[in-house]
Amino acid sequence: MSMTDPIGDLLTAIRNANETGKKSLVMPASRLKVDVAHVLKDEGYLSAVSVESAVPQSKLKVDLKYGPDGERVIQCIERVSKPGRRVYGSPKSLVPVLKGLGIYVLSTSKGVMSDRAARAQNVGGEVLAKVY
């Protein structure tokens with residue numbers, strides 16, 4: 001776990017668990033990680049997200065989602081904006097991922113949301129991740 005890019009760590013943990021067919025994963029929680037996980041759940045990429053209180057740090061528990069025959073719901077999950085190169089998008093510049101089959105996860109002034117929600121509310125922000 002690197003301390004420099006917690007979102008990158010979250011996405012990597014989800015990607016690795018997804019590729020090995022794990023049902024769930026647990027990692028240290030932060031508000032941003034929890035918000036990103038909730039966006040992925042709301043968009044149908046995760047089956048459940050919960051935060052368990054613990055000392056010294058709460059734990060984020062993420063349940064992955066698979067299809068009826070065990071096929072992965074998440075085909076690709078990658079970081080867009082990195083600590084060394086931030087990427088920002090305006091509502092007009094956010095082109096739907098795979099013609100709407102995927103999403104971007106954005107950090108906006110109105111909180112963390114999908115690109116669909118950001119376009120609906122006409123807000124732009126930092127493009128954290130791309131998922132399909």
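Brief remarks on what is shown
- Across the stretch 2-66, Cα-Cα pairs farther apart than 20 Å form 19% of the total.
- Within the accessible surface of the chain, defined with a 1.4 Å probe on protein heavy atoms only, the carbon and sulfur portion equals 52 percent.
- For SER24, residues with placed amide H under 5 Å, excluding near neighbours: LEU64
- Given their separation in residues at 0.36 nm each and the Cα-Cα distance between them, LYS59 and GLU78 gain 4.6 nm when the chain is fully extended.
- 10 Å-binned pair-distance histogram of the chain (Cα, whole percent): 13, 45, 34, 9, 0
- Cα centroid separation, the stretch 88-131 to the stretch 1-50: 18 Å.
- Annotation: amide H-H contacts under 5 Å for THR108 (H modelled 1.01 Å from N, sequence separation of 5 or more, or interchain): MET113.
- Length released on extending from ASP5 to GLU126, taking residue separation times 0.36 nm less the Cα-Cα span: 42.1 nm
- Calculated accessible area for the chain comes out at 55 Å² per residue, all protein chains present (probe 1.4 Å; ligands, DNA, RNA ignored).
- Across the stretch 118-132, computed HN-Hα scalar couplings (Karplus, 6.51 cos²θ - 1.76 cosθ + 1.60, θ = phi - 60°) run 5, 5, 4, 8, 6, 10, x, x, 6, 7, 6, 8, 10, 10, 7 Hz from first to last residue, x flagging Gly and Pro.
The values are calculated or read from the model by the stated rules, or taken from the named source; none is laboratory data. Here the structure is a predicted model, which is why all the values come from computation and not from measurement. Note: accessible area is taken over every heavy atom of the protein model, side chains too, but ligands, DNA and RNA are not part of it. Shrake-Rupley method; radii C 1.70, N 1.55, O 1.52, S 1.80 Å.
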